[in-house]
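The values are calculated or read from the model by the stated rules, or taken from the named source; none is laboratory data. Remember, it's a predicted structure, so these values are computed and weren't measured experimentally. A quick note on method: Cβ atoms are made from the backbone with ideal geometry, for glycine too, and the neighbour counts reach across all protein chains shown. To get the accessible areas, we keep the full protein, side chains included, count just its heavy atoms, and leave off ligands, DNA and RNA. Shrake-Rupley method; radii C 1.70, N 1.55, O 1.52, S 1.80 Å.
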Amino acid sequence: MMNYDIRHNPDQHRFETSVDNLLCVIDYRLDGKNLTLPHVGVAKALEGRGIAGELTRTALDWARAENYRVIPVCPYVQAWIRRHPEYQDLV
């Protein structure tokens, strides 16, 4: 597993990292205690490196720490949570 420098950017409502000078993000919307995850964006050139998974894990860990309920709108996030049952209690 690679270790990416993922930063929380609350002004842009996302977690982000830059890999090979390409910005990768997971966007979120916050409504009370509900955290909606509508989109993960990773450039095609970077696919297969586990970046989207690490962005997702980071966002979900933050949701757990903040006691948010997660609404996974993004199909990638939905699939990731299915593959990681330890996060299913957040949904």
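Observations, loosely collected:
- Number of positions in segment 80-91 that are part of a helix (DSSP H, G or I) and surrounded by 13 or more Cβ atoms within 10 Å (Cβ to Cβ): 4
- Considering segment 54-91, and only residues there that are touching a strand residue (DSSP E or B) at 6+ places or on another chain (Cβ under 7 Å) and of a type in the set (Gly, Ala, Ser), the residue that is nearest to Tyr28 (Cα to Cα) turns out to be Ala59.
- The listed residue being touching a Lys or Arg at 6+ places or on another chain (Cβ under 8 Å) and at pLDDT 95 or above, out of Ile26, Ile6: Ile26
- In segment 2-45, the residues that are on the phi < 0 side of the Ramachandran plot, outside any strand (DSSP E or B) and not β-branched (Val, Ile, Thr): Met2, Asn3, Tyr4, Asp5, Pro10, Asp11, Gln12, Lys33, Ala43, Lys44, Ala45
- Segment 28-75, subset touching a Ser or Thr at 6+ places or on another chain (Cβ under 7 Å) and open to solvent by 20 Å² or more (accessible area, probe 1.4 Å), residue nearest to Asp5 (Cα to Cα): Val40
- Test: residue in segment 48-59 that is over 9 Å from the mean Cα position of the chain (by Cα) and over 21 Å from Gln78 (Cβ atoms): no
- Hits in segment 24-51 - residues which are touching a strand residue (DSSP E or B) at 6+ places or on another chain (Cβ under 8 Å) and of a type outside the set (A, V, I, L, M, F, W, C): Asp27, Tyr28, Arg29, Lys33, Asn34, Thr36, Pro38, His39, Gly41, Arg49
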